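The values are calculated or read from the model by the stated rules, or taken from the named source; none is laboratory data. Quick caveat, the model's predicted, so the values are computed rather than measured. Cβ placement follows ideal geometry from the backbone for every residue including glycine, while neighbour counts extend to all protein chains displayed.
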Amino acid sequence: MASVALKNLCKKFGQTSVVKDVNVEIGDGEFLVFVGPSGCGKTTTLRMVVGLESLSEGEIHIGNRLVNNLPPGDRDVAMVFQNYALYSHMTVSRNLGFALKARGLAEKEITKRVQRVAKMLDLEELLERKPKQLSGGQRQRVALGRAVVRNPQVFLMDEPLSNLDALLRLQTRKELIELTTELNSTVIYVTHDQVEAMTMGHRLAVMNKGEVVQLDPPEKVFNEPANRFVAEFIGSPPMNFLDVEIAEENFQKILKSDAFDMVLPETWYSISESKAILGFRPHDARLVAEGGVSGRVTVVETLGAEKLVYLRVGKNSLSILVPATEKIRSGDQLRFDLNQDALHLFNREDEKRMPSTKQS
Amino acid sequence: MTKQDFRSRDAKLGFLLVLPAVILVILVVILPIISGIQISFTSQRVVGSEYEFIGLKNYFELFEDKQFIASLGKSAIWVLANGFFQTLAALLIALLINQPFRGQNFVRTWIILPWAVPAAVTAILWRWMFDASSGIVNTTIKGLDLVQKPVLFLANPDIAGMSLTFVNSWRYIPFLTIIFLASLASVPEEEYEAARVDGANPWLQFKSITFPNLLPTLTVLGLVGTLWASNVFDIIWMMTRGGPGEATTTVPVLMYDMAFYGYNISKATAGAIIFLFVLIIFAFVFIFANRKQFVVASETFQDLSK
Ligand SMILES: Nc1ncnc2c1ncn2[C@@H]1O[C@H](COP(=O)(O)OP(=O)(O)OP(=O)(O)O)[C@@H](O)[C@H]1O
Ligand SMILES: [Mg+2]
């Protein structure tokens, strides 16, 4: 296994910049996830690393080699494609062994390694089948096996679970984590599914419009999102945002929105702006009998153990999570308090996170 | 209305829709064959003349006719040479112009041109170009000092067959190329990408991805092309009349010659019927031997038409 360094990576298709100045170092044995909305350039980035797409600018290092001008076959990376890209005219066994054959390994050695991987991924029964005769989950395992059998420096995976149904996706996710941990693989993983990103990645590279906007471990991305985009994209149900003014009264900082005032915790006293965007996650609200913020219920969604309640507070529509046992109907008037340690403030101009002194 | 009613209505409609085609086939294919078989059992010499029923006499004569046996051999060689040369050339051209380059769309469109040229024009054009004294081919190769004496492309019995094969191929290669291009376009691009990541060189990619995908097309073309090539008459007749000597006398050429210059239309018809049966047997054997590929091919065409 090897480390990977992406330096000032840029990609233009004609006039449009699709990947803009991406700088990411992936450590040996690290599981790095590129996550972001559709069309933000994740696949393009991955295809540049594997060598299927040329670079407009920048450098890619794998191990200690600069690989910019190496063809894909010489980079010693394996890729799991989103639609698997299995060789439709070959049996599973030949699919698995193809890369080894291309490298001129002896037939005996190929068979041995194919057998081992087939056993590892529970494909032994399927070795003589063609891809057409496999289920989606089985195809996915073959695609994975085709990468594993090569024992490459780096695994690249482009939304490998997106074609599986919900249950199978959960199960395969777990297996993938176990497998890559066991092999101590360096993995670059692409997904637009934030749950997948949070559960799998050692670190996340959150992308938006071709740029990496935050590169941090999942907890940090969740707890201290770098800007409003990350805050909104990561976490489900999504974070609430509302415009607030910050006033100073009696040596305290007060948040003022159109419907309520709130004293800001001391950890925020270092900020100087007088306007901001307040963000809080639905599960950081708690129902109270008196005080707090008051709003009128518009919609109630039951999610199982919890209910997601949409409220109208002043001009804003906000959502909060409450235990499913609460009897709430639309039209009700509710009061809730916010967890003071879980507030987020973003700059109104550039939407970047405002620092609080609590932060590491 | 119940589902059943709909079905029988659909079936009736379907029958009505194919009826014109069925009638057409009966009129232009089945009836001529039946009347051909009738004529072959008679002694008729020219169209409209008197004749009597002579049973299988024409057939027995043909089986002892050295000229006829030789023409069967000539036809076999003709089909093999054309099939091999055309398929290989068309495949190479298709692979070549399937690579991205500037003007690709222009080439892809206009490559069909030779196919659109009428056979008569093609024949005259190439006779003129192959001319011994003033033809452009001879003046060119002589100018390049490749030969001392002009090459008798159509008058030398050892060369005439090859020259005709070349001209016939020139006509059919564009069509085959287009078919191959369509077939290549249906090979999933990501399989090539996966193969590149797996480190496969172009030859291995061709062998393990392109070729298996082309195989159904190749098989269908093998059948259709054989039948087409067997029946080529126009180019040969207009360029060499089967000559020099009998160097290029394939079965269709011999039958035409026998019917209209040898004044023996019933014997020529018998020869044509024998040839027809040879081709039918070939087609059955070929389809049976390659039935798997034919199933795949028909599925592919269904997919394409979706
Ligand atoms: N070959 C190309 N030519 C022009 N534009 C392209 C090309 N490939 C991708 N793009 C554009 O680049 C942008 C990023 O595409 P990319 O496939 O990397 O997105 P993605 O993040 O993988 O999205 P998704 O989650 O939908 O797969 C898109 O706007 C896309 O339209
Ligand atoms: Mg993508």
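What the table shows:
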read-out	value
Every residue from the range A:187-203 that is assigned to a helix (DSSP H, G or I) and away from ligand 2 (no atom under 16 Å from the Cβ)	A:Val195, A:Met198, A:Thr199, A:Met200
Filter pass, A:Lys209 being at pLDDT below 90 and of a type in the set (Lys, Arg)	no
Filter result (over 28 Å from A:Leu179 (Cα atoms), within 16 Å of ligand 1 (Cβ to nearest atom) and touching a residue at least 12 places away in the same chain (Cβ under 8 Å)) within the range A:1-18	A:Leu9, A:Cys10, A:Lys11, A:Lys12, A:Ser17, A:Val18
Filter result for A:Val114 (more than 16 Å from ligand 1 (Cβ to nearest atom) and part of a helix (DSSP H, G or I))	yes
Residue match in the range B:202-214 (condition: within 14 Å of chain A (Cβ to nearest Cβ), among the hydrophobic types (A, V, I, L, M, F, W, C) and in contact with an Asp or Glu (Cβ under 6 Å, 6 or more places away or on another chain))	yes
Pick from the range B:184-196, criterion acidic (Asp, Glu) and over 34 Å from the mean Cα position of the chain (by Cα), ranking: surrounded by the most Cβ atoms within 10 Å (Cβ to Cβ)	B:Glu193
Residue match in the range A:19-35 (condition: near ligand 1 (Cβ under 10 Å from one of its atoms), modelled with pLDDT of 90 or more and not hydrophobic (A, V, I, L, M, F, W, C))	no
Members of the range A:36-51 found to be more than 21 Å from A:Pro218 (Cβ to Cβ) and more than 6 Å from ligand 1 (Cβ to nearest atom), listed by number	A:Arg47, A:Met48, A:Val49, A:Val50, A:Gly51
For B:Gly199: the one exception among (1) under 30 Å from A:Ala78 (Cβ atoms); (2) touching a Gly at 6+ places or on another chain (Cβ under 6 Å); (3) of a type outside the set (Asp, Glu); (4) not in a loop (DSSP other than H, G, I, E, B)	(4)
Of the criteria (1) out of contact with any Leu (no Cβ under 9 Å at 6 or more places or on another chain); (2) surrounded by fewer than 22 Cβ atoms within 10 Å (Cβ to Cβ), which one A:Thr91 fails	(1)
B:Trp228 surrounded by fewer than 19 Cβ atoms within 10 Å (Cβ to Cβ), out of contact with any Cys (no Cβ under 7 Å at 6 or more places or on another chain) and within 14 Å of chain A (Cβ to nearest Cβ)	no
Search result, residues across the range A:149-177 that are surrounded by fewer than 18 Cβ atoms within 10 Å (Cβ to Cβ), more than 16 Å from ligand 2 (Cβ to nearest atom) and part of a loop (DSSP other than H, G, I, E, B)	A:Asn151, A:Asp165
Among (1) more than 9 Å from every other protein chain (Cβ to nearest Cβ); (2) in contact with a Lys or Arg (Cβ under 7 Å, 6 or more places away or on another chain); (3) among the hydroxyl-bearing types (Ser, Thr, Tyr), the one test that A:Tyr84 misses	(1)
The one condition in (1) more than 15 Å from A:Val187 (Cα to Cα); (2) in contact with a Lys or Arg (Cβ under 6 Å, 6 or more places away or on another chain); (3) more than 14 Å from chain B (Cβ to nearest Cβ) that A:Leu32 fails to fulfil	(1)
Output for the range B:262-293, where each listed residue is in contact with a strand residue (DSSP E or B) (Cβ under 9 Å, 6 or more places away or on another chain) and without any contact (Cβ under 8 Å) to a residue 40 or more places away in the chain	none
Answer residue from the range A:205-217, given it is over 11 Å from A:Val35 (Cα atoms) and free of Cβ contacts under 8 Å to residues at least 40 places away in the same chain and is nearest to ligand 1 (Cβ to nearest atom) among those	A:Asp216
Condition check for B:Leu181: within 14 Å of chain A (Cβ to nearest Cβ), buried (at least 17 other Cβ atoms within 10 Å of the Cβ) and either closer than 30 Å to B:Ile77 by Cα or in contact (Cβ under 8 Å) with a residue 40 or more places away in the chain (or both)	no
Condition met for A:Gly104 (part of a loop (DSSP other than H, G, I, E, B), within 13 Å of chain B (Cβ to nearest Cβ), away from ligand 2 (no atom under 16 Å from the Cβ) and surrounded by fewer than 23 Cβ atoms within 10 Å (Cβ to Cβ))	yes
Selection within the range A:19-43 - within 13 Å of ligand 2 (Cβ to nearest atom), surrounded by 19 or more Cβ atoms within 10 Å (Cβ to Cβ) and over 27 Å from A:Lys174 (Cβ atoms)	A:Val19, A:Gly41
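Per-residue answers, yes or no, for (1) within 16 Å of ligand 2 (Cβ to nearest atom); (2) in contact with a helix residue (DSSP H, G or I) (Cβ under 9 Å, 6 or more places away or on another chain); (3) assigned by TED's automatic domain parsing to the domain that holds A:Ala85:
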site: A:Arg129; (1), (2), (3): no, yes, yes
site: A:Leu144; (1), (2), (3): no, yes, yes
site: A:Ala147; (1), (2), (3): no, yes, yes
site: A:Thr181; (1), (2), (3): no, no, yes
site: A:Ser185; (1), (2), (3): no, yes, yes
site: A:Met207; (1), (2), (3): yes, yes, yes
site: A:Gln214; (1), (2), (3): no, yes, yes
site: A:Val221; (1), (2), (3): no, yes, yes
